[in-house]
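Derivation of every value follows stated rules applied to the coordinates shown; laboratory data play no part. Note that the structure is predicted; figures quoted are calculated from it, not measured. Using ideal geometry, Cβ is built from the backbone for each residue, glycine included, and neighbour counts are taken over all protein chains shown.
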Amino acid sequence: MTEFFWTLSFIFTAWMCIDAINRREHFVWIIVMIVLMPVGALAYFFTIKNKAGGGVLMAPNLRLFKSTPQKEIDTEETLQLKELINKFHKAYHYEKLGESYFEQKKYALAIPQFEAAIKKDPELTEARYSWAKSLHALGRHADSAEVLVELIKIDKKYDYGNAIFGLAECYRLSGQEDKALEAYETVINSYHFFKAYYHYARLLDQKGKKQEAISCMKSIIGSSKDLPGYKLEKERHWIDEAYKYLRKNGIELA
């Protein structure tokens, strides 16, 4: 019985470690899970994986997945789900089939499943989020924004602010600059996402608001000085980009 417990613990911990790597979580989580197996893995599951949902995200934004050929090759799981859908027409089964396709990066196949799930149960926030991410992955940013708007109506802080940040990104990528500015402003008023600050500043610059853009870039530099080491490394790219922008505009910071 003891061997069985430790075997299960090892498998579960390995699964959580792989998930942490895929999500690009800080390496401290890996150490905690290995040292405190299986307690550390359980802590990760309830603190990160379970709250963030099954989809893979790159915090703090929607990850832009590269689309793969949408060949519908059924697995045992998808066949079982299709059979359940034909029998019961439940929102849960549509959602799970969509998630299966999503995990295979078959986004075009996932989208109608999430749509069907939402039609049957509009409160399925995770299905709505995965629907938005699938549209985003296919470059359908305006459509993704529409889905995210409805998600945020249900939960303004969904996925620790990543949903509203994803909305800002979709507006920007679809050329809806005024809406993007408004959404970015909402993000930076509540969350310290340096990427949001940077793109907000760039949009201000494009609108001819140079001094406001410069102030925003300076705030990135100023805020970075108080970051812990792991967070500083995570935000390094946007800090460097802020420095580049300021130097380009004749501003040198110590």
Tally up the residues in region 121-161 that are surrounded by fewer than 21 Cβ atoms within 10 Å (Cβ to Cβ), more than 25 Å from H89 (Cα to Cα) and of a type in the set (D, E, K, R), please.
7
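If we only count helices (runs of 4 or more DSSP H) wholly inside region 86-169, which ones have 3 or more residues that are under 30 Å from E76 (Cα atoms) and among the polar types (S, T, N, Q)?
On the way: elements: 91-103, 107-120, 125-137, 141-154.
By residue number, 125-137.
Considering only residues that are of a type in the set (G, A, S) and free of Cβ contacts under 8 Å to residues at least 12 places away in the same chain, which ones fall in region 218-254?
Going residue by residue through region 218-254, those that are of a type in the set (G, A, S) are 219, 222-224, 229, 242, 250, 254.
Residues satisfying the conditions are G222, G229, G250, A254.
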